[in-house]
1. Under a Cβ-Cβ cut-off of 13 Å, what is the net charge of the residues other than A:V214 that fall near it, where Lys and Arg count +1 and Asp and Glu count -1?
2. At 1.306 mPa s and 10 °C, plugging the Kirkwood radius over alpha-carbon pairs of segment B:65-152 into Stokes-Einstein gives what diffusion coefficient in µm²/s?
3. Mind listing P(r) for segment A:1-73? All alpha-carbon pairs, 5 Å bins, whole percents.
4. What is the sum of charges around A:F141, taking Lys and Arg as +1, Asp and Glu as -1, for the other residues whose C-beta is under 15 Å from the C-beta of A:F141?
5. By a straight-distance test (C-alpha under 27 Å), which lysines pair with A:K22 as possible cross-link partners, with residues fewer than eight away in the same chain excluded?
6. For segment A:216-233 and segment B:65-86, what is the separation of their C-alpha centers, rounded to whole Å?
7. For chain B, what is the mean residue ellipticity at 222 nm derived from helices alone (per DSSP H run of n ≥ 4: -39500 (n - 2.57); sum divided by total residues; nearest 500 deg cm²/dmol)?
8. Could you give log10 I(q)/I(0) at q = 0.18, 0.20, 0.22, 0.28 Å⁻¹ for segment A:47-119, computed by the Debye formula over C-alpha point scatterers of equal weight, without solvent?
Amino acid sequence: MPSIKSVGLRLFDWVDDRVQIKALVDYMAHKSVPRHDHEIWYYFGGLSLFFFIIQVCSGILLLLYYRPGADSAYESVQFIISKVQFGWLIRAIHSWSANLMILAVVIHMFSVFFTRAYRKPREITWLTGMGLLGLVLFFGFSGYLLPWNELAFFATKVGTGMAGVVPLAGGFLMKLLRGSDEVTGATITRFFGFHVAVLPALFTAVLTVHLLLVQRQGMSEPESWESRPESQKRRMPFFPNFLLRDLLVWLIALNVLAILAVFFPYGIGPLHWDLGLKADPFSSPPAHIRPEWYFMFMFQSLKFLPAKILLVDGEVVGIIGFGLAGVFWTLIPFFDRTTEKGRRKRLYAYTGLVAVMFVLVMTFLGYILD
Amino acid sequence: MQNDTLKRRSFLNYLLGGGVIAVLAAIGFPIYKYLKPPKIPEAAESQVTAGTLAELQAAEGRYKIFRFGRKPGIVVLMPNNEIRAFSASCTHLDCIVQYRPDLNVLWCPCHNGKYDLTGRNISGPPPRPLEQWVAHYDKASDNIFVSKGEGA
Ligand code: HEM
Ligand code: FES
């Protein structure tokens with residue numbers, strides 16, 4: 001009997017004979033990953049990918065029972081968590097993994113920012129990465145409405161209300177999102193379409209470009225390596241060493257996810273998703289209304305803005321401010337071009353620190369000032 | 001001859017470019033229009049019933065949210081037993097306001113916006129006052145009727 005290995009090799013040869021995959025394997029084998037004190041950050045991109053795969057799988061499972069619509073969305077989620085066997089677990093995994101995915105993406109983004117890995121030639125990778133961050137936030141925002149409970153309803157009312165104050169395009173944007181003048185069943189239909197069709201398709205497309213670029217260009221090396229002789233640069237092969245470590249990280253993540261979902265199916269503390277009451281568009285919101293943690297800093301900043309700033313409505317100033325900051329952050333590789341001369345400017349690192357401090361302080365205040 | 005070919009070529013380029021633009025417009029325009037939800041004609045209600053006084057007296061915060069067409073409204077039972085009605089849509093980001101008897105203001109929990117009992121925005125982010133509506137109490141039926149304008 002031929003051993004499994006020889007069958008495997010023959011299968012490989014058979015495929016290689018037709019589509020020449022050996023070149024690809026050689027390429028992977030020659031790729032290497034730099035080793036240094038900050039190499040831990042290299043794992044967060046892969047971790048984000050892991051959570052995305054979990055989201056796709058658990059999301060498809062939820063789709064088997066979820067029914068969009070003002071008269072059925074809440075009821076179907078209730079059905080999932082109370083009647084369907086392990087339904088509570090699937091919803092817990094989808095909710096936990098959504099939060100962990102956003103956390104992983106945010107950490108990944110900041111690590112790229114502070115190691116300045118966005119420098120030439122990786123500007124396009126940074127741009128696609130920012131695109132993915134935007135999409136993942138929209139994933140979270142659109143998914144949050146789907147259970148059609150009280151909190152979701154008011155969070156969406158305020159969130160889409162923000163889209164409404166964007167100068168010029170606001171009215172159109174708000175209607176585009178709401179599918180009506182108000183947040184109604186039509187809004188669920190749209191958000192559902194975004195959440196399970198438009199966003200997954202866009203995300204997959206942008207992610208493909210992002211990963212192809214990473215494979216093509218390899219990992220960025222730390223800035224301190226620029227003046228080092230080749231002999232002092234430590235590396236490890238991408239395949240199999242780095243890949244195996246990546247898989248180990250995924251395994252740990254899977255375990256953490258399982259523990260969280262089983263022991264805290266409805267979240268912990270301020271991070272929770274109890275179904276609560278069904279949305280009622282003609283009732284007052286609960287007193288402690290707040291958005292998901294990743295929008296908290298914006299929500300809190302809006303609370304601090306006065307009604308009028310130099311004759312302009314406060315929230316308009318806020319929206320334009322956040323919009324400009326977002327554009328600046330996205331275009332940072334084109335502003336920060338100092339390394340080519342070998343001269344290090346700390347300006348961008350400080351800008352980043354200020355941004356992080358702002359987000360942290362506002363988020364913190366959002367939770368304690370309640 | 002050279003010149004002729006060039007002319008012909010640039011003519012073809014224009015034709016092609018124009019064609020592409022026309023195709024994109026023919027695809028894009030219907031989609032743009034499709035994305036905008038159709039206007040659902042609002043039944044021209046000039047007056048709605050917001051509930052009964054008994055309900056309002058029993059209500060915990062001495063206010064009630066009611067439905068005026070597709071918009072939420074609020075009726076408030078003031079300390080002097082006067083009944084007032086307002087649009088309940090916060091002028092900041094469209095949350096729903098409520099009455100706070102302890103502060104004697106209309107309060108929006110979403111970003112801590114406050115309005116006085118004439119609807120004027122007095123603190124927090126709301127940029128404009130709430131629209132005040134006309135509340136009318138009918139003793140016989142105990143109903144509170146609300147209309148938007150003076151004329152009703
Ligand atoms: C193809 C991918 C996905 C599919 C098919 C999908 C499907 C669904 C469905 C059917 C629901 C409604 C059921 C429910 O509310 O429990 C839902 C909710 C939700 N989704 Fe997704 N999803 C996908 C990806 C994502 C991603 C990438 C995120 C990440 C940020 C995300 C975040 C959420 C959130 C926060 C909820 C609300 C959970 C809740 O409170 O119940 N989803 N998703
Ligand atoms: S929506 Fe009312 S204060 Fe912001």
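The numbers here are math on the coordinates, done by the rules we state, and not lab data. Worth saying up front: this structure is predicted, and the values here are computed from it rather than measured. Using ideal geometry, Cβ is built from the backbone for each residue, glycine included, and neighbour counts are taken over all protein chains shown.
1. Details: positive: A:K31, A:R122, A:R216; negative: A:D246.
Computed value for this residue: +2.
2. Working: Rh = 13.2 Å.
Here the translational diffusion coefficient equals 120 µm²/s.
3. 3, 11, 9, 10, 11, 11, 16, 11, 7, 5, 4, 1, 0
4. Details: positive: A:K157, A:R178, A:R190, A:R290; negative: A:E292.
Around A:F141, the surrounding residues sum to +3.
5. Those lysines meeting the cut-off are A:K5, A:K31.
6. Taking the Cα centre of each part, segment A:216-233 and segment B:65-86 sit 68 Å apart.
7. That comes out to -9000 deg cm²/dmol.
8. Debye intensities relative to I(0), on a log10 scale: -0.72, -0.82, -0.91, -1.16.
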